[in-house]
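Heads up, the thing below is written out as structure tokens.
The values are calculated or read from the model by the stated rules, or taken from the named source; none is laboratory data. Owing to the predicted nature of the structure, the values given are computational and were not obtained by experimental measurement. Glycine also receives a Cβ, built like all others from the backbone with ideal geometry; neighbour counts cover every protein chain displayed. Heads up: the accessible areas ignore ligands, DNA and RNA and are worked out on the full protein's heavy atoms, side chains in. Shrake-Rupley method; radii C 1.70, N 1.55, O 1.52, S 1.80 Å.
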Amino acid sequence: MVKRTITFRIDENILNQIEGISRSKITTLNKFIEEILINYIEWHAYAGSAGFFPLPKPFLRKMMTMLPYNEIQKRFQEIKKCEIEDMIVMLRLELNIKSCMNCFESWLKSSNFRFHHNVLGNTHNYVIQHNINDDESSRFLGLCYSTFLQNGGLKNITQKPTANILNIQFEYKD
């Protein structure tokens, strides 16, 4: 990858905030700006057009209390594979399992969830620290992610939600 150097003009107050965040993340300003731009290109530029939108945690918790889990699960099963495929193509311009996984990771990053992705043999393991602080909402989030990954072409997805952590596993050989 070829990198270029360019110069930008930016409001001093914004720059001060960006510098403060980069220091708190213990990274260089250059690396942090690059991370911001990559995140924008990989997610924010097209996520709205692809059908994604953010939800506040209190709203999510309230919605979870309105329907029993089996009803929510039923609604997720009604999501069409082609709808998820369209989202992936809109975000990555191609449809395959790698683009699905890349899209999934961008979704996690844009949510500001800490996560680890480990691969052992053919088993991919995502440990997602969402800090929702609610078991039912964590199950809901796991259902969202599992439905997305399954409709993106992945198989044998398991999820283990707790109040603040979601563990998702699936088999995939590169």
Please enumerate, by chain and number, the lysines with C-alpha under 23 Å from the C-alpha of K80, excluding those fewer than 8 residues away in the same chain.
K98, K155
What order do V89, V2 take when sorted by accessible area (1.4 Å probe), most exposed first?
V2, V89
Of the trypsin sites (Lys or Arg not before Pro) in the range 124-174, those whose Cβ has at most 12 other Cβ within 10 Å and which sit in DSSP loop:
K173
Signed unit charges on C-beta, dipole axis of the range 54-174, positive-most listed residue M87, N164, H116
N164
Cross-link partners among lysines for K3, C-alpha distance below 22 Å, same-chain residues fewer than 8 apart left out?
K31
For the range 39-110 and the range 124-157, compute the distance between their C-alpha centroids and round to whole Å.
11 Å
Expressed as a whole percentage, what fraction of the accessible surface of the range 7-73 belongs to carbon and sulfur atoms when a 1.4 Å probe is rolled over the protein heavy atoms?
60 percent
Which residue fluctuates the most in the chain, going by a Gaussian network model with Cα springs under 10 Å, if the choices are H116, H130, H44?
H116
Let me have the 222 nm mean residue ellipticity of the chain computed from DSSP H runs of 4+ only, each contributing -39500 (n - 2.57), with the sum over all residues rounded to the nearest 500.
-16000 deg cm²/dmol
Ranking S111, S99, S24 from most to least accessible area with a 1.4 Å probe gives S24, S111, S99
Of T123, T65, T5, T147, ordered by accessible area with the largest first and a 1.4 Å probe, the sequence is T5, T65, T123, T147
At 0.36 nm per residue, minus the direct Cα-Cα distance, what do N156 and L93 gain on full extension? Give it in nm, one decimal, please.
20.1 nm
Cα gyration tensor shape of the range 117-174, rounded if a/c is under 1.5, else prolate or oblate by comparing a/b with b/c
oblate
Rh_Kirkwood(the range 1-115) over Cα pairs, Å, one decimal, evaluates to 17.1 Å
Regarding the range 52-174, what whole-number volume in Å³ per residue does the convex hull of its Cα atoms give?
98 Å³
At a Förster distance of 41 Å, what's the computed FRET efficiency of S24 paired with K62, Cβ-Cβ distance as r, to 0.05?
0.85
For I165, what accessible surface area do you get with a 1.4 Å probe? Give it in Å², rounded to 10.
60 Å²
Tell me the GluC sites (Glu not before Pro) within the range 85-173 that lie in a loop according to DSSP and have at most 16 other beta-carbon atoms within 10 Å.
E94
Run through all the Cα pairs of the range 49-92 and give the fraction in each 10 Å bin from 0, expressed as whole percent.
23, 38, 36, 3
The range 1-66: trypsin sites (Lys or Arg not before Pro) in DSSP loop, at most 14 other beta carbons within 10 Å:
K3, R4, R9, K25
Probe of 1.4 angstrom, ligands and nucleic acids ignored: what's the accessible area per residue over the range 86-174, in square angstrom?
51 Å²
